[in-house]
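Worksheet: the structure to be examined is printed underneath.
The values are calculated or read from the model by the stated rules, or taken from the named source; none is laboratory data. Here the structure is a predicted model, which means the values were calculated and not measured. In this analysis, Cβ positions are derived from the backbone assuming ideal geometry, glycine residues included, and neighbour counts consider all displayed protein chains. When the accessible area is computed, the model is the full protein with side chains, heavy atoms only, and any ligands, DNA or RNA have been set aside. Shrake-Rupley method; radii C 1.70, N 1.55, O 1.52, S 1.80 Å.
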Amino acid sequence: MAGSRLFSLLTALLLLSPATPAGAAPPSGDSCLRTIPVSGNSAFSAALTAAKPGDCLSLADGTYNAVAAKNSGSAANPIVISAKNRLKAGFSSGTVAVTGSHVTFEGFTFTGSANFRMTDTVGSRVTRSVFRSSAKEFVQLYGKNGDGNRVDHNEMGPKKQEGHFVQIGQNPYTPTTTLVDHNYFHDLASGDQGGEALRVGGFGPPGDYFKSHTVFEYNLLVHCDGDAEILSLKGSANTFRFNTVRASSGTINIRAGVDNVIQGNFVFSDGNKKAQGIRLSEDNHLIYNNYVEVIDKPLILNAGDPKPGNPPPGVPPSGEFKGHAQVRNAVVAGNTFIGITSGVDFGGGSAPPLNLTFSGNIVRSGGTNIGHGSTPTKSTYAANLLFGGTPGISGPGFRVADPKLVRVAGVFQPGPDSPALRAGAANAILTEDVEGRQRLSPPDIGAVEASSTTAPVRLPLTTADVGPSAP
């Protein structure tokens, strides 16, 4: 029963979360039919107004006025606006606004109060740029018709003011199939609520249950302290995978919505006492192959509050709801959760987790390995390894034993005599480990397939892997 439910969830979510948005613009330079040198604001305005598919505007060094890019390229021949010398041209005030489709901005600096916005655009892109401005929002993606846009290879930070590095969605619409990849997000100053580094939605039920298929992948987040949520997913069918989070206060949080995926990420507290791991609410989420090494609470299933009308997954509540929705049908598999002071928190509240699958996880903690205010109902437990402190839970599916972890390339993995080796539960969702190696059958317990003899494909990201100069 649990296996068929897991396979159905995996199949549906793989179909809903493409690796790359279908309309994403190709790299600049590949499709230039005409290259137009531009120097000065008057020439820039005239060239942009006359731009047509395949035009590549090459801007000389200098500071330019913010513009509105209304003309459209095509998927085969985008309009590309780039700095002739990367990061030597830029904007210091206003909003660079893209409303045309298949438009790429590449290689600019955004300083002063400047920022970037895409509205109702398809296949557009901002890439290899640096954002260090006083704007509340650095990059915004808005509009009912927005689809297949990309935010990649940028550096964003430091940022001292409240707001987000990337905000996707504005009441009541969220663009679809946005790809946010290979960015370096860093040094977001601590603040009150509203300073998440990355956010999808944030405007209640119109966004919570809309399936936008946003993908965040291969991003590095360091010292992102603007909110208790580093990533805030307030929407459905989104994916956060292959990212590295370091020394950042707060959690990777599925705050609202259904069918979200948190997969293959590295999370390190690096001594930050406010850094936690993954937190989730609501229905049908997949949490797998993550490596989380923090001081406190590497995984939190929010204490459940009943929603008015007790609606099925994906259906908004019948009345106003401001609580943390009950976790239902979550799959948590093949993760390594390390917490110095406390371990995994199964929540509780008046509505504890329902139909939870928790399998093949290593939980190591100096406190309680698994705490719960009330017992999850109709749960499936298999091949979990607990160690350190007190177990907090017992019964089939849980074994208390030293996993004998050793640190390799900065990551704890089972050593050669670990009881985690080849002791996991075979599982349709676990095709590879956090480092990109194929899972064996049966797999190892935890995020790292230490039994594999192949070299890792993915390791924790560094600044060489992301940002304007990265491959």
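Putting +1 on Lys and Arg Cβ atoms and -1 on Asp and Glu Cβ atoms, find which of Thr341, Leu405, Gly392 reaches farthest to the positive end of the dipole of the stretch 319-411.
Of the listed residues, the answer is Leu405.
In the chain, what percent of the accessible surface is made up of carbon and sulfur (1.4 Å probe, ligands and nucleic acids excluded)? List each step's numbers first, then the result.
On the way: 8950 of 16820 Å².
Answer for the chain: carbon and sulfur cover 53 percent of the accessible area.
From the residues His223, Gly191, Leu233, which one has its Cα farthest along the dipole of the stretch 158-265 in the positive direction, the dipole being from +1 and -1 charges on Cβ of Lys/Arg and Asp/Glu about the Cα centre?
So the residue furthest toward the plus end is Leu233.
For the chain, give the magnitude of the charge dipole about the Cα centre (Cβ charges: +1 Lys/Arg, -1 Asp/Glu; no others), in debye to the nearest 20.
Magnitude of the dipole: close to 300 debye.
In the stretch 221-241, which residues have a backbone nitrogen under 15 Å from the label point lying 7 Å from Ala189's Cα in the Cα-to-Cβ direction?
Answer for this model: 224-227.
May I ask you to derive the FRET efficiency for Thr63 and Ala401 from their Cβ-Cβ distance with R0 = 56 Å, giving the value to the nearest 0.05? Write out the running numbers ahead of the final one.
Working: r = 62 Å, r/R0 = 1.10.
After rounding, the FRET efficiency stands at 0.35.
Amide H neighbours of Lys159 under 5 Å, counting only residues 5+ apart in sequence or on other chains, H built in-plane at 1.01 Å?
Leu188, Ala189
With the dipole of the chain worked out from charges on the C-beta (+1 for Lys and Arg, -1 for Asp and Glu) around the Cα centre, which of Asn77, Phe91, Pro456 lies farthest toward the positive end?
Towards the positive end, the residue furthest out is Asn77.
For the stretch 281-414, what does the accessible surface come to per residue with a 1.4 Å probe? Please give it in Å².
Ligands and nucleic acids excluded, the result is 35 Å² per residue.
Quick one: accessible area per residue over the stretch 58-103, 1.4 Å probe, rounded to a whole number of Å²?
Per-residue accessible area for the stretch 58-103 comes out at 41 Å².
Give the calculated FRET efficiency between Glu162 and Phe203 to the nearest 0.05, with a Förster radius of 22 Å applied to their Cβ-Cβ distance.
On the way: r = 17 Å, r/R0 = 0.78.
Efficiency for this residue pair is about 0.80.
Before I look further, what does the stretch 167-246 give for accessible area per residue, probe 1.4 Å, in whole square angstrom?
Heavy-atom accessible area per residue stands at 27 Å².
With each pseudo-label sitting 7 Å past Cα toward Cβ, what's the Glu137-Asp417 distance in nm, one decimal?
The modelled label-to-label distance comes out at 5.7 nm.
Could you order the peptides 314-324, 425-435 from most to least packed, using the average number of other C-beta atoms within 10 Å per residue?
So the peptides 314-324, 425-435, ranked by packing, come out 425-435, 314-324.
Just from its helices, what would the mean residue ellipticity at 222 nm be for the chain, if runs of 4 or more DSSP H residues each count -39500 (n - 2.57) and the sum is divided by every residue, rounded to the nearest 500 deg cm²/dmol?
-2000 deg cm²/dmol
Across the stretch 376-471, how large is the tail of the calculated P(r) beyond 15 Å, expressed as a percent of all Cα pairs?
Working: 3015 of 4560 pairs.
Beyond 15 Å sits 66 percent of the P(r) for the stretch 376-471.
Which Rg and Dmax, in Å, describe the Cα atoms of the stretch 342-410?
12.7, 42
With viscosity set to 1.306 mPa s at 10 °C, what whole-number translational diffusion coefficient in µm²/s follows for the stretch 280-409 from Stokes-Einstein and a Kirkwood radius over Cα pairs?
D = 106 µm²/s.
If you take every DSSP beta bridge whose two residues both sit in the chain, what share of them, in percent to the nearest 5, is antiparallel?
5 percent
List, in the order given, every pair from Lys144/Lys322; Lys144/Lys297; Lys136/Lys307; Lys144/Lys378; Lys88/Lys144; Lys274/Lys404 whose Cα-Cα distance in the structure shown is over 29 Å.
Violating the 29 Å Cα-Cα cut-off are Lys144/Lys297; Lys136/Lys307; Lys144/Lys378; Lys88/Lys144.
Using the Karplus equation 6.51 cos²θ - 1.76 cosθ + 1.60 (θ = phi - 60°), what ³J(HN,Hα) coupling, rounded to whole Hz, does each residue of the stretch 68-82 give in order, writing x for Gly and Pro?
In residue order, the calculated couplings are 10, 8, 9, 6, 10, x, 9, 4, 7, 9, x, 8, 10, 10, 9 Hz.
Want the number for Ala50 to Thr462: 0.36 nm per residue separation, take away the alpha-carbon distance, what's left?
Value of the extension gain: 144.2 nm.
In the chain, what cysteines have no partner Cβ closer than 4.7 Å?
Cys224
Using only the heavy atoms of the protein chains and a 1.4 Å probe, how would Asp465, Asp152, Asp208 rank by accessible area, largest first?
Details: Asp465 60, Asp152 0, Asp208 20 Å².
Most to least solvent-accessible, the answer reads Asp465, Asp208, Asp152.
Between Thr390 and Ala76, what FRET efficiency comes out of the Förster formula 1/(1 + (r/R0)^6) with R0 = 51 Å and r the beta carbon distance, rounded to 0.05?
0.25
Consider the candidate values [x] 41, 23, 20; [y] 45, 26, 19; [z] 36, 31, 20; state which one is semi-axes √(5λ) of the Cα gyration tensor in Å computed from the structure displayed.
[x]
Can you say what percent of the DSSP beta bridges in the stretch 307-444, counting only those with both residues inside, are antiparallel? Round to 5. Mind dumping the intermediate values first?
Values: 5 of 26 bridges.
Here the share of antiparallel DSSP bridges comes out near 20 percent.
Got a sec? What order do Arg279, Arg241 fall in by accessible area at 1.4 Å, biggest, i.e. largest, first?
Arg279, Arg241
Sort the following peptides by mean Cβ neighbour count (other Cβ atoms within 10 Å, averaged over residues), highest first: 280-289, 381-390.
280-289, 381-390
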